[in-house]
Each structure stands twice: as C-alpha cells, then as structure tokens.
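The values are calculated or read from the model by the stated rules, or taken from the named source; none is laboratory data. Just so it is clear, the structure is predicted and the values come from calculations on it, not from any experiment. Virtual Cβ from ideal backbone geometry, glycine too; neighbours counted across all protein chains shown. Each accessible area value is taken on the protein alone, full model and side chains, heavy atoms only, with ligands, DNA and RNA left out. Shrake-Rupley method; radii C 1.70, N 1.55, O 1.52, S 1.80 Å.
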Amino acid sequence: MLDLFTIFTKGGIVLWCFRNTSEFFAPSVNALIRNVLMQERGGNSSYSHDKLTLQYKLDNEFELIFVVAFQKILQLAYIDKFLSDIHLEFRDKYKNVLTAQGREFNNFEFGDEFQRLLKDAESWGKMQSAMPRQMRSYEESNKSKKTVASMIERKGGDSVPKKTVKIVEAEKENVKEDDEINGNTDTEILMARKKLADKFTKKTPADKKKSPKSPIEKKNTKANRVWELNGNFKEKDAVTLDRCKDRPEDIKSDYTDSDRMVGQLIGNIKDIEVEDESSEDESDEYEEDTNQNYAKPKVAAKKTGGMLSMFKGLVGSKSISTDDMQPALDKLRDHLITKNVATDIAQKLCESVASKLEGKVLGTFDTIATTVKTTLNDSLVQILSPKRRIDILRDCLEAKKNRRPYVMTFCGVNGVGKSTNLAKICFWLIENNLNVLIAACDTFRAGAVEQLRTHCRHLNSLHPKEKHNGREMVQLYEKGYGKDAAGIAMEAIRFAKDSGIDIVLVDTAGRMQDNEPLMRALAKLIKINEPDLVLFVGEALVGNEAVDQLVKFNQALADYSSMDNPHVIDGIVLTKFDTIDDKVGAAISMTYITGQPIVFVGTGQTYTDLKALNARAVVHALMK
Ligand code: GDP
C-alpha cells in the first residue's frame, strides 16, 4: 500500500529508500522539501502533491527526515505510528554511525526492519479500526466541546458541568478528609475565583502579609514536622491550607465517577480549542492546510466591527503605501499590547503585516482582512514553533527501553499550580500506561507532601491496580519536610530505577526568581540529578510577570550550575489559561524570548484540563 519510504539527511543525502513501484517520485519529494521542509517546521505532518499524500517526520538531533508516500485516496490510520517506529528503530540501529565524526553514509541495511515494522503497524491499524469507538463518543460529548471561552464562562456558573472532578479536592482532602463541606452556590465559586484572581494580580507587600499562607510559612518547617508525627491537621491549619475554600457540594461524590475522566488523555495532548460561538462564521474562516499542523484563515472576518475593522480605510483601487497603513498599524500595535503582547513582539508582528500589504492593490475589505490574518498567523506560527520539539511519550518509551526512568523536574514560584499541573501530567502519563513515581521535593511548603499524597490516591483510584496487572500506577516518594530536596530526588530516581518505574516527576518548592540561595539549591538539584526535562511552571494570569520569572529562572540555572553547558529550562507549563480571557501575550513572549516551547497549558482544575498550545487559538484570541 505504501508507494515510497525514504530516509535522508537535511543535507539531502538519501540514506535508505524503499520503492513499491517504478514510478518516479522525485517531483513530489522535491515539492515537499521546497514547500514544507524549507520552512523548518518540526514534528510530524503531511503534504499532498499530485495523487500522493506524503507524510514526514523530522529528527532534529540527527538531522534526518523520514518521508512516506502513498496514494491520496488511501486513509492509513497507522502512518503516524509507523513513522515513529521506523524513526526510533533507525535511530537506535545507526546512532553510532550518525554521531560519528565525519560520518560516512553508506551501507544502511534496513529492509528487514522496515518490513517487520510495516507488518506490525498494519496489524495495529486493523486492530484500531476494529476497536469500539470510545474516543469518538467522547469527542461528540459536550465536554469535548469545552473551549477556552466556556471555561471562563464557568466562572459565572452557567456552564459548570454538574459532574466534574475538581483537583482542588486534593487540597481539601489533604487538609481534612472528613471536613464538613459547606453547600456552595455558583456565586460563591465565582467569588472564590475572583479572590484567586485578585490574589495573583495584586501582589503588594501588604497583600502578601495578609495572605492566608504567610502564617504557615513563617512557622516554617517545625509546624510541618508536628503534622508528620501526628498524621493529623489542626482545624486552624486546615483552614489556612485551604486556598480554594469554596467548592460545589457534589464534587466529593463525583470523584468516583471515574468513567468521565479515564480514557480522555490517551495519546498526545490535544490542542486548545477555539471558541464555540465562532463556529458559525469562524469555522468557515479556517481551512485545514494539509502542509502544516495548523489552520489558515480562508475568508475574511465577517465581524468587521472587530479588530480588523481598523484596516477598512485601506480598501481602494490604488496600491497601499506605508503612509496609508501607518494609522492602522499603530492601532494594531496598541491592540496587541492590550492583549499583553510585549511591545517589541507587537512591533515585529506589525512589520510583517506591513510588508505583506505594501504595494498591493486590495479592492475589498475581505482581501485585506484575509491578508492581515494570514500574515499574523504565519508570524505567530514562526514564533510559537519551538527550536526543539519535545515528545515526552516517545522519550519515555525510549528511556524505558534503556531500563531507566524518565525524569521530569517542575519548578516555578509559589502558587502558580506546580503540584496541580504535575498531577494532571501524571494523569496523562498513566492514561498512556506509564507508571509514575512522584518525588515530593517541596520540603518547605506546609501541606505540599500531603497534597501530593492525596493526588496519588485519587489518581490510583481512577486507574486502580486491578486494571493494570496489579501494578500501582502512581507512587509517592516522600521524606517529610526540611530535608535536602536534591538528595530526596536522587533517592527517588534510584528507587524508581530499582523498581522498574517508568517516570519520575520531581515536585520542587516554589521560590521567587530573585531568591539567590533557593535558586542555587534548584540549580544543584538539577545538576546532580540530570533530569531529562526541566519544566518551568508559570501562570498566564500574571502576564509579563511570568516572562520575567522565566527569564530569571533560566539565568539563575545557568549562573549557579557552575557547568560549561548548564541544564536550563527545557519547556514551559503555562497554567490558569482559563482565567486570562484573550490576554495571550505572555504565552507568545515566553516562547519568543527563551525559544523554549510551551509544552502544556493548564486550562482548569480537573485532571483532564491539560492542553497543547496552537497558533490558531492564539491568533483567534488576538483578533477579538
Ligand atoms: P503550587 O504552589 O505551585 O504547587 O500551586 P498549586 O498546585 O497548589 O495550585 C495553586 C492553585 O491554582 C490551586 O488552587 C489550583 O487549583 C489552581 N490551579 C492550578 N492550575 C490551574 C489551572 O490551570 N486553572 C485554574 N483555574 N486554576 C489552577
């Protein structure tokens, strides 16, 4: 069924090739290279040319390109998997040759492996199509239609799904399991959310003093040790720890409704969806571009009253000059800045729009609007495309093959959602049948260990060991409070290796980006434990403050590691995306400034509120 499979270097040397027919494929492959690969887009994608679909995978480490071609009319469900399998096998088999100095490319015998993997992938594809359509029924459900906007609406209470498993429960329960829960109305939830928002937006020193957390922080670790010994919280502590006071009464009982969660995060994390309300006009506005992973605007925005209306004045029969555009561009820049886009990035985006419009005769508003949108989309895709693609599931499997755990470290300031999003990521991993050890290395914040313990219990009850051949999917490695975090992480990693655990998630204590001793301690933890991935957790809610935190964390890790090639931040987890409405600027700035990808986006307080960021959602928010 496959017409062609070829593996070649980015320099254009063909390493291996399989051809099923005597047809000449060079024009299609050349078109793929010219139209897609030259734009340096990473990852896995497909492209159509003549009668063929070409799907490709890039390996940035070894600078390889894997291309498979088959007839357009075919729908081959196994191609993604097959490409990944071939990629891994080829890399593993030839990694020594590929990394050798002055590498010589000849003699790549790969025919047997290719046939074997093809057979496996085909049978896998058949199995998939024979399986009941579980995922589709989820896609059709209302929950799958949850959008960034609907999450925000949730604050008002209208669209609160009656039954959701709130992660805040983890915090509640770690405080006091049988604590009586007040019946809360939606208004109370709204107020709690508002309080949360206020907490993060008004960070004056006076507020900090008043913050409910401070008494515990002041007491420091001694208070924690008392809890450890007694195993109980005092009522006062329980109240202090409860940062999400209000919750609907039905949450507790809903928790057991595991069917609603299990099976939702299988495979790669799904992209953030664009608003429902847009479905009438906006869904038509985008067409899937088979060359790329994202959608392109097709026709102009119908809402001429929206952001694009500032370009109305350019409609006419003469060619557009820089002077004509300037007022509209100034407005565009200001508009982008109101969305928290950093000024220099806003400027850059305006320049790209100007260069596309200059000298053109655009007779209708539609053509102008389309040009502006397409240009912004293209520029944002470029900004948001990371220097390096992070494929956690693949890397976890590779580590597993090498009989070692894959280690991820989470860092960031206090209260940004480190533990909560660590738990969501943990849920995603166990959904993908990987078992996890959580290393409780926040040995400082009162209640941090208990919070993780509760998450572990919840996660294990969603994925009981009976369903996993008696294997407990999540375990907690904890040594209480006040101990050296780097040492605990090291012991945890060793324990995971000895027990054959797939992944270690290291939760670290929150610290301010300017606190030198604590930043040194984090650099030490990373230096001695050499995690595979260091994730910075930042909240979208604080806008450009998050950018500042990220830059300073990165700098501190570089400065304090005393290594020539320090391990700095590899990726970003952007939390509370559901609370920022359309102020997506911080997301853009974070990737723009550090070049690191936003690997996960936290979009709420349930285990399934984890998404991937895509340019389309960002453009959509900017257009409002
Ligand atoms: P940590 O101190 O960084 O570990 O922060 P926590 O994990 O304890 O989270 C702090 C608060 O943020 C908790 O109330 C979480 O429920 C909340 N939170 C975390 N992630 C999100 C998110 O993506 N959206 C919303 N709305 N709240 C979140």
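Which whole-number percent gives the relative contact order of the range 6-91, counting Cα pairs below 8 Å spaced six or more residues apart? Don't skip to the end; give the middle numbers.
Details: 99 pairs, mean separation 21.5, N = 86.
25 percent.
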Practice problem: Along Cα→Cβ, 7 Å out, is where each label goes; now give me the distance between the ones at MET512 and SER562 in nm to one decimal. | Solution: 2.6 nm
Quiz item: In the range 511-624, carbon and sulfur make up what percent of the accessible area (probe 1.4 Å)?
Solution: 48 percent
Self-check item: Debye intensity ratio I(q)/I(0), log10, the range 463-521, q values 0.14, 0.17, 0.20 Å⁻¹ (C-alpha model)
Solution: -0.53, -0.70, -0.85
Self-check item: Efficiency of FRET from Cβ geometry, LYS483 and LYS318, R₀ 45 Å, rounded to 0.05
Solution: 0.05
Practice problem: Taking H placed 1.01 Å from N in the peptide plane, check which residues at least 5 places from ASP3 or on another chain put their amide H under 5 Å from its amide H. | Solution: ALA69, PHE70, GLN71
Practice problem: Would you please state which residues of the range 47-91 a label at MET1 would reach in this model, taking the label point 7 Å out along Cα→Cβ and a backbone N cut-off of under 14 Å? | Solution: 53, 69-83
Quiz item: Given the range 430-580, what count of lysine pairs have C-alpha atoms under 30 Å apart, with each pair 8 or more places apart or on different chains?
Solution: 20
Practice problem: Please give the direction-averaged projected area of the C-alpha convex hull for the range 561-602, in square nanometres with one decimal. | Solution: 3.5 nm²
Quiz item: How large is log10 I(q)/I(0) at q = 0.10, 0.18 Å⁻¹ when the Debye formula is applied to the Cα atoms of the range 497-607, each weighted equally and without solvent?
Solution: -0.31, -0.93
Quiz item: In nm, to one decimal, how far is the modelled label at LYS51 from the one at SER123, with both set 7 Å along Cα→Cβ?
Solution: 3.1 nm
Exercise. Residues in the range 431-466, backbone N under 15 Å from the label point at LYS400 (7 Å along the Cα-to-beta-carbon vector): list them, ranges by number please.
Key: 431-437
Quiz item: Dipole of the range 452-501 (Lys/Arg Cβ +1, Asp/Glu Cβ -1, origin at the Cα centre): which of LEU459, ILE501, LEU476 lies farthest to the positive side?
Solution: LEU459
Quiz item: Name the trypsin sites (Lys or Arg not before Pro) in the range 474-521 that are in a loop by DSSP and that have at most 16 other C-beta atoms within 10 Å, would you?
Solution: LYS483
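Would you mind classifying the range 530-571 by shape? Square roots of the alpha carbon gyration tensor eigenvalues, ordered a ≥ b ≥ c; an a/c under 1.5 is rounded, otherwise it is prolate if a/b is larger than b/c and oblate if not.
Working: a/c = 4.16, a/b = 1.80, b/c = 2.32.
Judged from the Cα gyration tensor, the range 530-571 comes out oblate (a/c at least 1.5, b/c at or above a/b).
If the range 372-465 were replaced by its equivalent ellipsoid, with semi-axes equal to the square roots of 5 times the Cα gyration tensor eigenvalues, what would those be, largest first, whole Å?
Details: eigenvalues 181, 80, 37 Å².
Value: 30, 20, 14 Å, ordered largest first.
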Quiz item: Non-local amide H neighbours of VAL474 (under 5 Å, H modeled in plane, Pro and chain starts lacking H): which ones?
Solution: VAL436
